[in-house]
Structure formats: structure tokens, C-alpha cells
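Report on one structure; see the data block that follows.
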Amino acid sequence: MKYYSVELNSKGNIAVDDTILVKGSETTAGSRILEGFKSLFSAEAVERLEKNGYVLSGKANVGEFGLDLVGEFSYYADKEEVLKGAAAELVAQDKVKGAIGVDVNGAPRRGAALSDVCFLKPTYGTVSRYGVVSTASSGETVGVYAKNTDGVKEIMSYIAGYDEKDGTSLRNETYEYKNDLDVKGMKVCIIKELFEKADDTVKAEVKAFAEALKEKGVTVDEISCDLFEIANTAWQILMTAETCNNISRYDGVKFGHRAKEYKNIDELYVNSRTEGFNFLTKAVILYGSDVLSKNRYKDCFDKSLRVRRVVFEGLKEILSKYNAILTPVVSKAEFKKYDISEAFSKVFEESVFTAASSITGMPALAFKKVQLMGDHFNESTLLSLVKEVE
């Protein structure tokens, strides 16, 4: 498996996804359209890590714009039979201490699940998005891969905090992350509908996790909730629309791949984008264009914005009674190579586990095949619950 799109330092101790800018290094977001693009500056998260003594090992391969399951459709990566996330595998194999990645549609959480490491998608706005190759701006979040909660806590403490260069950054100057809270007496709920979507191996992981929590004095209930299916449909509409808008800048003129054969400006745009984007990205662009069209905007995009509020309020109500929501993070323990023509539907199906956190901006912590989701700024609760089971 080709883990790096760019290797920077063999002695580096942290990797960054190739959707995060590093000064002077090629950044492609896994796409041919950005081939050869080198940034003039580093992302805010990268600068903060370097200031605190971390050394970048390289840029980890990602699927084109982070839109696939775990990175399988990177233009630059080897096509493996069994799918794994590059950054997650680097952490799992102790090649780096940790990594940072951008969670757009759950790919880093799925990657962490398949490699048995942790990935924390923190509360939206707590980590600067400045220097990220943007796709779905209202939900994409810079998060942390590490082998355990100690590693997640450490890296998060350095990269979180207000950044005036990012318009979505929250104004809290600092955030404190702990994994040693007393979990005895806490309450966690399992979402029945999501649990039933997983295979037997994943169900066993969720059950084992729940039993381990019970032994630590945590109450675990099973509840029924239809918000996750609704959240997934709404998020896919918002995500495709925002991605369509954000990647419209890649046209073969300013930077990146430019088609060699064209007769006029229209052909330059069309040919460059046809050659530069893969099938999944094109499908996302077409779907996003459709939901933003005059005839569909009100019924699709505008309605999804209102559904976002419904999901937000519904999950807030659940989390007023429980400290965390426990779900699978993937439907099965292993993903096999598949044809890209199936990608749009496959990603949609898997995103039912991850979309609620993306659309609401709530934090989610993936640990093995399990996901804990909590209320805004409650990362320490999630870290502490997982710490008890590690």
C-alpha cells in the first residue's frame, strides 16, 4: 500500500492528510486536477504542530477530495484488494505517533475503524480550517488520528483554538481535553436502527464495548431513533451542493491539471475537468448542481437546511438524557475493492453512521468499530469513556 503522496522526513512523527496544505509541498487532495500544485503557506493546524516540536513525516494519501469510503480512489495510491485508510495505517503500524485529517463524509472515522486506531472528529469550529482544501465547508472538520486517547488528547491540545484567519473558527481561545473523567454514573445509549445495520462482527464489537462500560459503572440503554437516516439524506444533499460549489474553482486555468487538447475556452474547461476528476467526484458535482438548480433548490437544498435544525434539536434532546450516543462506525469489519461506478451509493449507505455528527457539528470519536458521539464541546467525555475500555 502506498501510504504517502509526498514523503517529507523519514524521522517525522506526525502525518497530515493530503487535503491539508504544507508550505512548498505538493498538495493534490488525491485528485489529478491538482497535480503539481504546491502551496505557498501551511495550514494553521500544521504550523501549530511544528511550533510545538512535531516533525511532519509526509502527506498521507486520501481519496479524491475525501469523498470515498476510506481513500480507495486516490489518483496517486495503489489500488488494494482490501481497503485501508493511509493515515490510519501509518498510525496503526507505529510509523508515526499520530496524524491529522479532514473529515468531510466520515472517511477518517471509517479508516480508523478498519485499522483499529482512534480518530476524533472534534466539535466544528474548534480546529482551524485555514489551509484545508475545502469541499463541504459547513461540516468538514480537522481531526486527529492516534493509537489511543492519550495521543488524541495531546495532539488536540496543540491544534485546537481560535484562529482569526478562519471565519468558522469559534472564539474560545483554548480548549481543554481530558481522558480521565470519572465515568461511573454516566449514561450511554445505543441506537437500535444503526446497530441492526452492522454485520455480526461489528455488532459483537459494539456489545463488547457496551459490556465493558457497564463494568465501569456506566448505564447503557438501547433506544430507537430515526434521526440518523434523516441526517444522512440531508447531509448528502448539503455536502454535494457545497462540494459542487467549492471545487468549481478547478478549471485547468489557474493551477493543476490542464488538458492538452482544446480549441476554445469552453473545451479547455470541459476537457480539463473530464480528465482531472474521477467518476465519484463527477457524480457529486452533478448531484450538487441538481439540488442547487432553480427547480430543486427549495425542495432539496433549502429543506435540508431546515432538516439540519430538526436533527440538531432531536440529538440535543437525546444528549440531555445521555452523556454519549454509541453506534457502529462501519457496517462491516472489512471492505473489499469495488468498481468506482458503485461508489456514490456505497458511500451514501455507509455515511448513515457518520452523517449526524457532520451535519450538526457534534464531536464523534471512532475507536475500533465503535463510535461515540457527544454534545458540542464534550470531547473529554468521549475520550474518558473510551479510555476506560482501551
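The table below lists the values:
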| quantity | calculated |
| --- | --- |
| Residue check, Asp180 in contact (Cβ under 8 Å) with a residue 24 or more places away in the chain, in a helix (DSSP H, G or I), among the acidic types (Asp, Glu) and closer than 18 Å to Leu120 by Cβ | no |
| Only listed residue being farther than 17 Å from Gly101 by Cα and either in a loop (DSSP other than H, G, I, E, B) or touching a Cys at 6+ places or on another chain (Cβ under 9 Å) (or both), chosen from Phe73, Phe41 | Phe41 |
| Single unsatisfied condition, Leu83 versus (1) more than 19 Å from Val132 (Cα to Cα); (2) within 12 Å of the chain's Cα centre (by Cα); (3) not β-branched (Val, Ile, Thr) | (2) |
| Considering residues of the range 250-275 that are over 17 Å from Ser134 (Cα atoms) and among the aromatic types (Phe, Trp, Tyr) only, the residue surrounded by the most Cβ atoms within 10 Å (Cβ to Cβ) | Tyr269 |
| Residues located in the range 348-370, provided they are surrounded by 24 or more Cβ atoms within 10 Å (Cβ to Cβ), assigned to a helix (DSSP H, G or I) and among the β-branched types (Val, Ile, Thr) | Ile359, Thr360 |
| Selection count, the range 371-390, where residues are outside any helix (DSSP H, G or I) and either crowded, with 24+ Cβ neighbours inside 10 Å or at pLDDT below 95 (or both) | 5 |
| Output for the range 276-328, where each listed residue is surrounded by fewer than 19 Cβ atoms within 10 Å (Cβ to Cβ), assigned to a helix (DSSP H, G or I) and among the aromatic types (Phe, Trp, Tyr) | Phe279, Phe312 |
| Exclusive hit being under 25 Å from Asn246 (Cβ atoms), outside any helix (DSSP H, G or I) and more than 18 Å from the chain's Cα centre (by Cα), set Lys2, Lys23 | Lys23 |
| Boolean, Lys187 is under 28 Å from Ser351 (Cα atoms), surrounded by fewer than 16 Cβ atoms within 10 Å (Cβ to Cβ), touching a residue at least 12 places away in the same chain (Cβ under 8 Å) and of a type in the set (Lys, Arg) | yes |
| Test: residue in the range 133-150 that is in contact with a Ser or Thr (Cβ under 9 Å, 6 or more places away or on another chain), among the β-branched types (Val, Ile, Thr), surrounded by 23 or more Cβ atoms within 10 Å (Cβ to Cβ) and part of a loop (DSSP other than H, G, I, E, B) | yes |
| Residue within the range 152-159 that is without any contact (Cβ under 8 Å) to a residue 60 or more places away in the chain and closer than 16 Å to Asn13 by Cα present | yes |
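The values are calculated or read from the model by the stated rules, or taken from the named source; none is laboratory data. Please read all numbers here as calculations on a predicted model, not as lab measurements. Cβ atoms come from the backbone with ideal geometry, glycine included; neighbour counts cover every protein chain shown.
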